[in-house]
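Beneath this line is the structure, given in structure tokens, with notes to follow.
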Amino acid sequence: MSEILLLAGDFVEDYEIMVPFQALEMVGHDVDAVCPERGEGETVKTAIHDFRGDQTYLETRGHDFELNAALDDVDPTEYDALVVPGGRAPEYLRTYDEILDVTRHFFEEEKPVAALCHGLQILAAADVLDGRTCTAYPALQSEVEIAGGEWADSVTRDGNLVTGQAWPDHPEWLAEFLDVLGTEIDHGEPVAADD
């Protein structure tokens, strides 16, 4: 299975880090979650975004998400894919040169990348969206287009890049990413625990 790097930071969107991290590990991938200036075993705070009919999302405090690797210790060449969740974290993560360098590596080597919601802010700052069809949280359409991306209104796969608008896209977004990774899941008949 694949070695996957996941970018994290304080107030990363709770569902957008927890669900991909757990789902990818569940099907056998190894996922290392890293954050600048934080080490293995330290935590980042998450934020929960809910959509209740307002002009934008409602944000509440989520959980403490434990990092299982340190950004300073990882070598992006040892990873097969990258996951970039959204929330408020990408807004400041994009100011770290090491985050942008890591992101560029995956595009230069044409490795699979899955980005969701505000995660596209990091991709735009890394200047890797030019000529790519992608999506993000709808309020980021102008940022995507200024960075040279072509906007789409739904989960989009463009070569090795899979993008979605927010956590409600998880089923389709993760399915597309697993397909890009070449993950095969055995859908055999369920067996009762006492059989």
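Positive contributions from Lys and Arg (+1) and negative ones from Asp and Glu (-1), summed over other residues with Cβ under 10 Å from the Cβ of Leu100, come out at -2. With the biggest extent put first, the Cα atoms of the chain measure 57, 40, 35 Å across the principal axes.
Computed from point charges on the beta carbon alone (+1 for Lys and Arg, -1 for Asp and Glu), the dipole magnitude for the chain about its Cα centre is near 740 Debye. Of the peptides 18-27, 161-170, 113-122, 99-108, the order by per-residue mean of other Cβ atoms within 10 Å, starting with the highest, comes out as 113-122, 161-170, 99-108, 18-27. Every helix of 4 or more DSSP H residues in the chain counts as -39500 (n - 2.57), and over all residues that averages to -8000 deg cm²/dmol at 222 nm. Spin-label model, Met1 to Glu78: label points 7 Å out along the Cα-to-beta-carbon direction sit 1.8 nm apart. Among 141-154, 43-56, 85-98, the peptide with the highest mean count of other Cβ atoms within 10 Å heads the list, and the full ranking is 85-98, 141-154, 43-56.
DSSP beta bridges confined to segment 3-181 are antiparallel in about 35 percent of cases.
Taking label positions 7 Å along the Cα-Cβ direction at both Thr183 and Leu58, the computed distance is 3.1 nm, reported to one decimal.
Rounded, prolate or oblate: pick one for segment 1-44, where a ≥ b ≥ c are the square roots of the eigenvalues of its C-alpha gyration tensor, a/c under 1.5 means rounded, and failing that, prolate if a/b is larger than b/c, else oblate.
Working: a/c = 2.55, a/b = 1.47, b/c = 1.73.
Cα axes put segment 1-44 in the oblate bin.
Mean separation of Cα pairs under 8 Å and 6 or more residues apart, divided by the residue count, gives the chain a relative contact order of 18 percent.
For Gln22 and Asp101 in the same chain, what is the full-extension length gain: residue separation times 0.36 nm, less their Cα-Cα distance, in nm?
Numbers: separation 79, 0.36 × 79 = 28.44 nm, distance 2.57 nm.
Going from the current span to full extension adds 25.9 nm.
For the pair Asp153 and Tyr92 in one chain, pulling the backbone fully straight at 0.36 nm per residue adds 19.5 nm over the alpha carbon distance.
Quick note: the coordinates plus some simple rules give every number you see, no bench work behind them. As the structure is a prediction and not an experimental result, all values here were calculated from the model. We place every Cβ from the backbone using ideal geometry, glycine too, and count neighbours over all the protein chains shown.
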